[in-house]
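Read the structure below first, then the notes.
Taken together, the values in this text are just the output of simple stated rules run on the coordinates, not laboratory data. Quick caveat: nothing in here was measured; it's all calculated off a predicted structure. Counting neighbours? That spans all protein chains shown, and the Cβs are built from the backbone with ideal geometry, glycine included.
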Amino acid sequence: MNRRVFIATVGAGGSGLTAGCIGSFLEDLTTYEAIPAAVSGHALEETGYEHDGTDEWVEEESVASETVEVTNYANEYSRTIDLSVLGLGEIEAGVFGTIATPQVEIAGENHNPIGEMGPGELLELVQDRYGELSVETQTDVGQRRLETLSQAISITTYEGEAELDAEGSVGVFVDLCQLDNKEDHLVFAGVYPQDIPDENERIDSLIEGVEHGDE
């Protein structure tokens with residue numbers, strides 16, 4: 001399993017623009033680029049998470065001689081957690097990721113599917129990236145609110161199970177939130193073992209520490 005997990009998701013998971021809907025409105029080349037959303041160094045130091053890498057990917061859709069080019073960014077973070085009490089040792093079991101993808105508005109309509117995704121679709125993206133993660137139900141087990149990027153947001157928590165080692169699996173919580181900022185769609189997600197006290201507070205600190213543009 002790849003434990004440096006979560007989000008280079010949208011490029012592989014289907015954020016392509018619907019070319020047929022937008023071709024008649026475009027110039028020969030229309031470009032959109034997101035602003036990367038990254039966790040501040042202070043928040044990383046406070047939580048013990050480390051930056052695993054930044055993914056940038058460009059998508060193009062063509063209609064006849066017209067092309068739309070969209071640049072997206074994802075940041076991945078992880079924390080090594082001692083799960084010896086569960087017989088699993090030290091594993092990169094705490095994961096946090098951000099996606100920044102531009103709002104693509106043509107003739108007053110949004111053509112970036114991320115902006116229209118509901119919780120079920122976002123959970124599928126997370127499941128694709130967190131090893132053998134399976135979310136038991138799309139019914140949330142709790143919500144909490146905090147402030148990031150100068151706006152109040154809601155974080156929804158789901159229960160799941162992840163195979164973190166060949167010898168077994170552990171129950172995990174999946175935290176999801178979605179917001180718009182500076183003409184980008186942003187998605188934040190955290191996955192962590194249920195048996196680790198206060199890990200949700202670390203996820204909150206990471207979300208509160210996200211910087212996007214001039215923030």
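Can you list residues from other chains, or at least 5 along the same chain, whose modelled amide H is less than 5 Å from the amide H of Ala93?
Under 5 Å from the amide H of Ala93: Arg79, Ile81.
Would you pull out the residues with amide H under 5 Å of Ser40's amide H, same chain only if 5 or more places away, H placed 1.01 Å from N?
For Ser40, the qualifying residues are Val210, Glu211.
Residues with beta-carbon under 12 Å from that of Cys177, excluding Cys177: net charge, scoring Lys, Arg +1 and Asp, Glu -1?
Charge balance in the 12 Å sphere: -4.
Determine, for each peptide in 182-194, 44-56, the mean count of other beta carbons within 10 angstrom over its residues, then list the peptides with the highest first.
182-194, 44-56
Which order do the peptides 201-208, 93-100, 149-156, 36-43 come out in when sorted by mean C-beta neighbours inside 10 angstrom, highest first?
Ranked by mean Cβ neighbours within 10 Å, highest first: 93-100, 201-208, 36-43, 149-156.
For segment 198-204, in order, what is each residue's ³J(HN,Hα) by Karplus, 6.51 cos²θ - 1.76 cosθ + 1.60 with θ = phi - 60°, in whole Hz (x at glycine and Pro)?
Per-residue couplings from phi come out as 6, 5, 4, 5, 5, 4, 4 Hz.
Once amide H atoms are placed 1.01 Å from N in the peptide plane, what residues at a sequence separation of 5 or more from Val172, or on another chain, have their amide H within under 5 Å of its amide H?
Residues meeting the amide H criterion: Gly160, Glu161, Ala162, Gln194.
What are the ³J(HN,Hα) values, in whole Hz, obtained from phi via the Karplus relation 6.51 cos²θ - 1.76 cosθ + 1.60 with θ = phi - 60°, for each residue of segment 86-102 in sequence order, with x given for Gly and Pro?
9, x, 10, x, 8, 9, 6, 9, x, 10, 9, x, 10, 10, 10, 9, x
Obtain the nm distance between the two label points defined at Glu159 and Glu50 by a simple spin-label model: each point lies 7 Å from its Cα along the Cα-to-C-beta direction.
3.3 nm
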